[in-house]
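One structure below.
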Amino acid sequence: MPDLEVTRLHVTVEGKEILKGIDLVVRSGEVHAIMGPNGSGKSTLALTIMGHPRYKVTQGEVRFDGKDVLAMTVDERARAGLFLAFQYPAAIPGVSVANFLRTAINARRAEPGATSGTAAEARKNDMPIPQFRKMLQEKMKLLEVDDSFITRSVNDGFSGGEKKRLETLQMHMFQPKLAVLDETDSGLDIDALKVVALGIEALRGPDIGILLITHYERILRYVLPDYVHVLVDGRVVRTGGRELAAELEAKGYDFVREELYAGRA
């Protein structure tokens, strides 16, 4: 059974239709890249999958491990193993990175309804502190994150590269079944891009699907996708392999638009 199956998905934002019939299947172990020009619907797809209330599904289905994602609340989607790395991560002043990560991990591990019981019952599935510390140190070393990073407030005063490293660190700590990365490469210099790409590659494996949304081909030099999909005007208009990304880099998106509109003529 596919891990993620998007079928004929139509989505509106403030009454304007953005996605106009998306079909997409991402299985465990696969890396899919979504490319497309500004306004094509890439971020809309990512935020719809995670349940942002601004995005209204008017038609179609999103299923994950056979379950109806659109019927789930945002926290239920996270508990099911869905993860979104934001294009523009928000700052949370006063909340340390370490506290944020541990709280989020324990929230995902908690049994549904645990908060209605005693404090001890609510904490029984918490990750032990020594295990958390060991895991965090391993992931920080992998992602070349300085020790001082975890005592800082989440994204508060962070550079663009630091924000994207934190998103990647979250992905490794939460160990999702499906990671949706919304333009994780935006705003990164070449050194930061390589580190973030290394982190993505280190996560890939048979038990996780990755949906990597990007404008540019450069990150796909380091994260090698199994499939590349081109999104134009709210539709997937072409699908291919790594070579399609190189063609887009060389020619831009105009040739895809020309093929699309020539086919409609």
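Relative to the longest principal axis of the Cα atoms of the chain, helix 160-174 runs at roughly 70 degrees. Result for the chain in a Gaussian network model with C-alpha springs under 10 Å: among Asp226, Asp146, Asp126, the largest mean-square fluctuation is at Asp146.
Cross-link check: pairs Lys20/Lys163; Lys139/Lys177; Lys42/Lys251; Lys141/Lys177; Lys141/Lys251 evaluated at a Cα-Cα cut-off of 28 Å; pairs beyond the cut-off: Lys20/Lys163; Lys141/Lys251. The value of relative contact order for the chain, using C-alpha pairs under 8 Å at least six residues apart, is 28 percent.
The longest part of the chain holding none of the exposed loop GluC sites (Glu not before Pro), meaning those outside H, G, I, E and B in DSSP with at most 15 other Cβ atoms within 10 Å, is 15-143.
The residues packed around Gly187, meaning those with a beta-carbon under 14 Å from its beta-carbon, carry a net charge of -3 if Lys and Arg are +1 and Asp and Glu are -1. Eigen-decomposition of the gyration tensor built on the alpha-carbon atoms of the stretch 132-199 gives equivalent ellipsoid semi-axes of 17, 15, 11 angstrom, largest listed first.
Taking N as the residue count of the chain, its C-alpha radius of gyration divided by 2.2 N^0.38 Å amounts to 1.04.
Every number here is computed from the coordinates shown, using simple stated rules; none is lab data. A quick note: this is a predicted structure, and the numbers were derived from the prediction, not measured. FYI the Cβ positions are ideal-geometry reconstructions off the backbone, even for glycines, and counts take in every protein chain you see.
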